[in-house]
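The values are calculated or read from the model by the stated rules, or taken from the named source; none is laboratory data. These figures come from a predicted structure and were not determined experimentally. FYI the Cβ positions are ideal-geometry reconstructions off the backbone, even for glycines, and counts take in every protein chain you see.
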Amino acid sequence: MIRVIMLDGDALIGDGKVMPHVPEALDVLTKFEPAARASLVVSLVSDYEMPTTPVTARKVNTIFSKYVAMLDELRLKEFFEPVELRVTLSTQAGVFKPDARLFKKAIQRLRLRAGLDECLSVGNNAEQVKACRALGMSALLLDDWAQAPLLIARVVSPASTFNLRLALQLPLATTYDVQLVRLDDAQSRNVIHAIGKKLFPVPLKTETIEVPFTVQLDISFDKQGKIRDVKTDQPTAEAIAESADYVETLEANNQISHGEANAKGSSTYELVVDKKGRKVLTRKRFLAS
């Protein structure tokens with residue numbers, strides 16, 4: 001049973017920048033439930049500067065504070081609070097990865113009684129992943145953080161539908177432009193059936209906008225557990241026409257706001273431009289007064 005997820009800091013950060021989709025992936029991982037009633041902790045273990053000799057606690061603490069400041073600047077610190085427990089550097093262990101003493105130091109800082117066989121190491125260095133497995137740890141080699149939660153979920157809690165649903169949301173949204181709504185009951189390890197929302201163009205009298213439609217999803221996976229393909233059905237021509245009529249009715253009744261200037265009022269929908277430059281119809285969110 002996996003109790004500790006150890007993320008390699010070098011896989012999270014490259015050339016002083018956060019790797020693509022890391023914050024979204026970390027947000028998912030912090031919500032995972034463990035395979036059993038035991039706790040599940042997400043930690044960071046990374047190689048970093050070694051203090052000059054003679055090694056003193058003050059030198060170690062100074063280097064650690066420098067690293068934490070970098071995490072804070074990159075907006076990653078919040079995922080590893082309290083950092084005194086959940087961030088471990090080679091600086092503090094006196095050895096570099098994949099020396100077992102560094103991973104044991106990480107467990108010690110977490111104040112857990114756990115063995116290396118209860119830890120999952122996640123990184124982007126193939127040799128270090130191989131070495132971690134030789135130490136008795138579970139280990140994953142990653143090249144895409146959008147798919148990371150999905151692969152980690154299969155190791156941490158393969159029977160958890162809750163974790164699977166969380167893990168699928170990120171790759172479906174970033175790669176396939178689909179918002180996951182729910183998973184169907186009938187599913188296997190290689191194919192999952194689900195319901196989602198996907199944008200489709202709806203031509204109006206004056207312009208074409210994007211409107212979300214409910215679609216069936218068939219999600220297939222490769223041998224590694226990564227998403228191989230996502231098949232969706234398409235709205236019929238009749239459904240597109242009915243959607244266009246509905247949007248025109250909303251517009252005629254002043255139920256659609258256009259941008260911030262017209263955001264206030266009794267409108268129930270708004271037309272926004274997304275990151276891809278598409279005009280998308282979305283339902284407004286109302287806060288309770």
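Values as computed for the structure displayed
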read-out: Residue in the stretch 13-65 that is farthest from Phe96 (Cα to Cα), counting only those that are β-branched (Val, Ile, Thr) and part of a loop (DSSP other than H, G, I, E, B); value: Thr30
read-out: Among the candidates Thr52, Thr56, residue that is in contact with a helix residue (DSSP H, G or I) (Cβ under 8 Å, 6 or more places away or on another chain) and surrounded by fewer than 18 Cβ atoms within 10 Å (Cβ to Cβ); value: Thr52
read-out: Subset tally (residues that are of a type in the set (Lys, Arg) and within 30 Å of the chain's Cα centre (by Cα)) for the stretch 36-59; value: 1
read-out: Top-ranked residue of the stretch 68-88 - restricted to ones that are touching a strand residue (DSSP E or B) at 6+ places or on another chain (Cβ under 6 Å) and not charged (D, E, K, R), ranked as farthest from Val4 (Cα to Cα); value: Leu74
read-out: Residues of the stretch 60-69 classified as aromatic (Phe, Trp, Tyr) and within 23 Å of the chain's Cα centre (by Cα), total; value: 1
read-out: Sole exception among (1) at pLDDT below 95; (2) within 23 Å of Lys31 (Cβ to Cβ) for Ala167, by number; value: (1)
read-out: Residue check, Arg75 surrounded by 13 or more Cβ atoms within 10 Å (Cβ to Cβ), basic (Lys, Arg) and in contact (Cβ under 8 Å) with a residue 24 or more places away in the chain; value: no
read-out: Residues (outside any helix (DSSP H, G or I) and either farther than 18 Å from Asp47 by Cα or not assigned by TED's automatic domain parsing to the domain that holds Thr30 (or both)) located in the stretch 100-118; value: Arg111, Leu112, Arg113, Ala114, Gly115
read-out: Selected residue [within 27 Å of Leu164 (Cα to Cα) and modelled with pLDDT under 95] from Phe286, Phe213, Phe221; value: Phe221
read-out: Any hit, the stretch 92-115, residues being surrounded by 22 or more Cβ atoms within 10 Å (Cβ to Cβ) and closer than 22 Å to Ile227 by Cα; value: no
read-out: Where a residue in the stretch 1-18 is within 24 Å of Pro158 (Cα to Cα) and in the same structural domain as Glu33 (by TED's automatic domain parsing) and its partner, wherever it lies, is polar (S, T, N, Q) and in a loop (DSSP other than H, G, I, E, B), with Cβ under 6 Å and at least six apart; value: Ala11/Asn124
read-out: Only listed residue being modelled with pLDDT of 95 or more, charged (D, E, K, R) and more than 23 Å from the chain's Cα centre (by Cα), chosen from Asp99, Asp72; value: Asp99
